[in-house]
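Student: Sharing a structure, written as structure tokens. Questions coming.
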């Protein structure tokens, strides 16, 4: 028995090192050999129909052994014991081992940032990792993710494994401004990109690469220096450059108590009422801002607070301001509106 066990182990290890094509070829050869030997042994019940033989071969190789089919003659039983059973078990365990190894390798590679999400579309890419801030960003993005929205992808450097497995997939890179890493993150079809490096230079380099490889994505970047943020806003209008608002909030709250609370609630995903955006589709008939304000308030209980039109954001629009489509509305609500459910053509009917 020790000899047989050692022999089977050597066969299994040898088979496990083979490529899938070679392993499949051995399986076919062993299947054909077993079939021919049973035919010579006169096992008509086993080889009478190819389907019955394949069924018998599989239940024997997997050691299930239902017993509904079995060899009747002594030679047939010897063939089963010496050829079918040891060979089938070795091939089956080798296939199962290679399959589990492949699955484990894929999982480990994804955890270590070596995966490939280049075919992913409609997701958000977060570039850069700061322990507390980025984890919170990913958590907030995940909390608002729709059922059909792909998981976000984190692109970071110097991290051995995914630090936020519950909220994002992970791409490891030697530097943030790495076109290959961003390509593996699916930048070509991403809906938005958030960039925040260890410093403003690193963030800016990542933004420039992202602009070249993501022509349709909305890019948001955080800069420690407000002057850098203002420069990016002027030179890169596609990029929504965000700077620190601490000084503004401190001075405004000193003169208008509670201002910091208002700002926090407008930006918090956990707040009961917070700010959202709503793209306006092309309109056949122009609408007035005041008409849309009333319609949305009465129908959906949301409050418009501003509009982005032709690159200019107005937070105090006049009622007679025309809307022709292509604008972005900003509103306060307890939930995000679904643009597909809004009857824009009927907006002007209600005044």
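Student: If the requirement is being closer than 30 Å to residue 179 by Cβ and surrounded by 18 or more Cβ atoms within 10 Å (Cβ to Cβ), which of these qualifies: 91, 125, 103, 79?
Tutor: One residue alone meets the criteria, 125.
Student: What about residue 340, is it outside any loop (DSSP other than H, G, I, E, B) and touching a residue at least 12 places away in the same chain (Cβ under 8 Å)?
Tutor: Numbers: outside any loop (DSSP other than H, G, I, E, B): yes; touching a residue at least 12 places away in the same chain (Cβ under 8 Å): no.
For residue 340, the condition - outside any loop (DSSP other than H, G, I, E, B) and touching a residue at least 12 places away in the same chain (Cβ under 8 Å) - is not met.
Student: Return a yes/no flag: does segment 90-99 have any residue that is assigned to a loop (DSSP other than H, G, I, E, B) and over 19 Å from the mean Cα position of the chain (by Cα).
Tutor: No, there is no match, as no residue in segment 90-99 is assigned to a loop (DSSP other than H, G, I, E, B) and over 19 Å from the mean Cα position of the chain (by Cα).
Student: Of all residues in segment 102-111, which are more than 17 Å from the chain's Cα centre (by Cα) and either under 17 Å from residue 161 (Cβ atoms) or touching a residue at least 40 places away in the same chain (Cβ under 8 Å) (or both)?
Tutor: Hits for segment 102-111 are 104, 105.
Student: Okay, moving on. Just wondering, is there one or more residues in segment 112-127 that are farther than 24 Å from residue 214 by Cα, touching a residue at least 24 places away in the same chain (Cβ under 8 Å) and assigned to a helix (DSSP H, G or I)?
Tutor: Taking every residue of segment 112-127 in turn, none turns out to be farther than 24 Å from residue 214 by Cα, touching a residue at least 24 places away in the same chain (Cβ under 8 Å) and assigned to a helix (DSSP H, G or I).
Student: In this structure, is residue 168 farther than 28 Å from residue 308 by Cα, touching a strand residue (DSSP E or B) at 6+ places or on another chain (Cβ under 7 Å) and buried (at least 22 other Cβ atoms within 10 Å of the Cβ)?
Tutor: Yes; evaluated as a whole, the condition is true for this residue.
Student: Restricting attention to segment 239-270, which residues are touching a helix residue (DSSP H, G or I) at 6+ places or on another chain (Cβ under 6 Å), free of Cβ contacts under 8 Å to residues at least 12 places away in the same chain and under 25 Å from residue 146 (Cα atoms)?
Tutor: Passing the criteria: none in range.
Condition check ((1) exposed (fewer than 14 other Cβ atoms within 10 Å of the Cβ); (2) in the same structural domain as residue 197 (by TED's automatic domain parsing); (3) in a helix (DSSP H, G or I); (4) over 11 Å from the mean Cα position of the chain (by Cα)) across all residues:
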site	(1), (2), (3), (4)
141	no, yes, yes, yes
147	yes, yes, no, yes
150	no, yes, no, no
159	no, yes, no, yes
164	no, yes, no, yes
174	yes, yes, no, yes
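Student: Starting from segment 154-183, keep only residues that are on the phi > 0 side of the Ramachandran plot, then list their pairs with residues that are outside any strand (DSSP E or B) and buried (at least 21 other Cβ atoms within 10 Å of the Cβ) whose Cβ atoms are within a distance under 9 Å, requiring at least 6 positions of separation or different chains.
Tutor: 158/129
Student: If a residue counts only when it is over 29 Å from residue 102 (Cβ atoms), assigned by TED's automatic domain parsing to the domain that holds residue 88 and at pLDDT 85 or above, which helices (runs of 4 or more DSSP H) contained entirely in segment 1-66 have at least 1 such residues?
Tutor: 20-40, 50-61
Student: Being in contact with a strand residue (DSSP E or B) (Cβ under 6 Å, 6 or more places away or on another chain) and not in a loop (DSSP other than H, G, I, E, B) is the filter here, so list the residues in segment 314-332 that pass it.
Tutor: 314, 323, 328, 329, 330, 331, 332, listed by residue number.
Student: Same structure again: I'd like the full set of residues that are in a helix (DSSP H, G or I) and buried (at least 16 other Cβ atoms within 10 Å of the Cβ), limited to segment 190-202.
Tutor: Pass one, segment 190-202, residues in a helix (DSSP H, G or I): 200-202.
Those that are in a helix (DSSP H, G or I) and buried (at least 16 other Cβ atoms within 10 Å of the Cβ): 200, 202.
The values are calculated or read from the model by the stated rules, or taken from the named source; none is laboratory data. Here the structure is a predicted model, which means the values were calculated and not measured. Positions of Cβ are backbone-derived with ideal geometry, glycine not excepted, and every protein chain shown enters the neighbour counts.
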